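Below you'll find the structure, written out as structure tokens, and then a few comments.
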Amino acid sequence: MSDTVELQIARRSLLRGALSAALLESAKPSAIDTSTEWRNDAANIPFINELNTAGESLPFSREYDGVEDHCPFRIRWRTGPNLPVSWKGGATAAIGGRILIAGGLWMPERKNLVYSYEIKTGAYEPAPPVPYETAYTQGVADADRLVLIGGRSAGRNVSELRRNASGKWSWHALTSLPPEEGKGRWLAGTGLVPGRWLFLVAGHPTGTPSEQRDLPALPNWRMRLGRSNPRWEPMAAYPAGSRALVTTAVVKGKLYAFGGSNPDRAATPRLRALMTKYELPIPEGGVPVYRDAFSYDADADRWTAIRKVPFPLLGGAGVVIDDRFILLMGTSETKTYRAGKSMGKCSGLWTGYGDVVLCYDTRRDVYSKVGLMPYGVATCPWIKVGNELFGFGGEPYHWYNKNTETVLQIGTIEKRI
């Protein structure tokens, strides 16, 4: 028997042992149990942490080519206090020990809400609502403000939330998107280079469901910051053409964009008709999901293809570490399961989307696998504060609260040697 085979057997044994330990641990009561009617956090959190530990010994390259087996980071997970209302989409900002949560779709009543989350105490407080309906609005943030750009129901509106000298939060209108934007867009990618650039790329025009793209792709826009009267201007077309649910992040002044989805004009209607007729799932919901990835240089106004993502990716979020690495926080159309319940189009266990966290090294143009997040939720705007990640709500596959979540996932980032 070769050393390679012996090593494989040892790894499998380790994985089985870790899973058994996790299941035993999950049966113990949790000191802080944030479980809900449909979600069993007390069982899922120890399970996912043990599963990730076991998975560190498995080479990522056994599944995909062109990836690294050693990831520079690991994440230890826990849950925080549940959101007051289930939520998905929108944007977050970390300002003065608080995280602002705005621009998403609050369910099931679809209210236009904004919350402030105090990191030390875990308390949620209402913040001033956006002065117009937002629902699935994309946005970006820096150390002083949260900026919302357009959205499914916000049209061409752009606004920022700031806190004045007395500590009061208030919204201020910024330059609207150009008339060519029409009724606006949603499921788009954004980016911010502090003091220099604001970007809006890809996305889906308002007016039809995300699974349909009868309308042509909207232009990409950028705004030069640091001017007395900044205006939106066109930027180079996105190389992949019409695309929504791309994952974006900014590193060293460059905008990076990964994956996304777009219906195929011929195949998608037929696939979705079959899904309706037979009440059975169709791969990718009938809407193709892509692996391609690009970087954008604003000074040259040019997109450049980078290494493709190992597997199709959509609807996730990009989190930057050390102005070099980008954590790709899910997701994919792969269904994932946790302890809990489902209803509607699912049955049995809590059901979500892709839960794999990848790490992209912008310097070396290579991906590695960090591990799994506790819950595979899409359209969740993750944010990093210090060495911790916060992901509020998101869209699961299950149908409780009209496929929205109340969960707060918190991950502590650890560097691996």
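The values are calculated or read from the model by the stated rules, or taken from the named source; none is laboratory data. Just so it is clear, the model here is predicted, and its values are computed rather than measured. Virtual Cβ from ideal backbone geometry, glycine too; neighbours counted across all protein chains shown.
So the values come out like this:
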read-out	value
Complete set of residues in the stretch 351-373 that are crowded, with 16+ Cβ neighbours inside 10 Å, assigned to a loop (DSSP other than H, G, I, E, B) and in contact (Cβ under 8 Å) with a residue 40 or more places away in the chain	Tyr353, Gly354, Thr362, Met373
Positions within the stretch 38-65 being assigned to a helix (DSSP H, G or I), among the polar types (S, T, N, Q) and more than 24 Å from His398 (Cβ to Cβ), in sequence order	Thr53, Ser61
Filtered residues of the stretch 111-126 (kept if touching a Lys or Arg at 6+ places or on another chain (Cβ under 9 Å) and under 21 Å from Ile149 (Cβ atoms))	Ser116
Tally, over the stretch 128-169, of residues that are within 21 Å of the chain's Cα centre (by Cα) and in a loop (DSSP other than H, G, I, E, B)	12
Among (1) closer than 23 Å to Lys308 by Cα; (2) of a type in the set (A, V, I, L, M); (3) assigned to a loop (DSSP other than H, G, I, E, B), the one test that Leu215 misses	(1)
Odd one out for Lys402 among (1) under 19 Å from Thr247 (Cβ atoms); (2) part of a loop (DSSP other than H, G, I, E, B); (3) out of contact with any Ser or Thr (no Cβ under 7 Å at 6 or more places or on another chain)	(1)
When residues of the stretch 329-368 are limited to those that are more than 18 Å from Asn49 (Cα to Cα) and among the aliphatic types (A, V, I, L, M), the one nearest to the chain's Cα centre (by Cα)	Val366
Test: residue in the stretch 66-82 that is under 23 Å from the mean Cα position of the chain (by Cα), β-branched (Val, Ile, Thr) and in a loop (DSSP other than H, G, I, E, B)	no
Selection count, the stretch 405-417, where residues are in a loop (DSSP other than H, G, I, E, B) and within 20 Å of Val114 (Cβ to Cβ)	2
Candidate set from the stretch 275-296 (those that are of a type in the set (D, E, K, R) and closer than 21 Å to Leu245 by Cα); member that is surrounded by the fewest Cβ atoms within 10 Å (Cβ to Cβ)	Arg291
Thr34 being modelled with pLDDT of 95 or more, outside any strand (DSSP E or B) and of a type in the set (Ser, Thr, Tyr)	yes
Scan of the stretch 331-345 for residues that are under 11 Å from Trp38 (Cβ atoms), surrounded by fewer than 21 Cβ atoms within 10 Å (Cβ to Cβ) and not small (Gly, Ala, Ser), ordered by number	Lys341, Met343
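Residue-by-condition table, conditions (1) surrounded by 13 or more Cβ atoms within 10 Å (Cβ to Cβ); (2) closer than 21 Å to Pro312 by Cα; (3) modelled with pLDDT under 85:
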{"residue": "Leu225", "(1), (2), (3)": "yes, no, no"}
{"residue": "Arg231", "(1), (2), (3)": "no, no, no"}
{"residue": "Gly241", "(1), (2), (3)": "no, yes, no"}
{"residue": "Val246", "(1), (2), (3)": "yes, yes, no"}
{"residue": "Gly259", "(1), (2), (3)": "yes, yes, no"}
